[in-house]
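Readers should treat all values here as calculations from the given coordinates under stated rules, not as data from a laboratory. This structure is a prediction, so every number in the text was calculated from the model and none was measured. Ideal geometry is used to build each Cβ from the backbone, glycine not excepted, and the neighbour counts take in all protein chains shown.
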Amino acid sequence: MQVRAQLQQRHGCHLPINAFFDHVTVQKLAEQLPSDLFAAAVEQRERLDDMARWLDEFEV
């Protein structure tokens, strides 16, 4: 239930409780999530990687 609560809190993604029992592997459960959720995560990760590279250059 903590995973469900964190999905709701962090990403606004609401999965019914039965989804966790109907899809018992992480892969099957992930297939139930909206695809735009992953696109946003990839974009955010890319921005963080850019920032990390910039900070590395700044420190040298």
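Rounded to the nearest 20, the Cβ-based charge dipole of the range 2-59 about its Cα centre (Lys and Arg +1, Asp and Glu -1) stands at 440 debye. Could you tell me how many degrees, from 0 to 90 and to the nearest 10, lie between the Cα long axis of helix 35-59 and the main elongation axis, the longest principal axis, of the Cα atoms of the chain? It is inclined by approximately 20 degrees. Taking Cα atoms only, the orientation of helix 2-11 departs from the longest principal axis of the chain by about 50 degrees. When the alpha carbon gyration tensor of the chain is reduced to an equivalent ellipsoid, the three semi-axes, largest first, read 33, 11, 10 Å.
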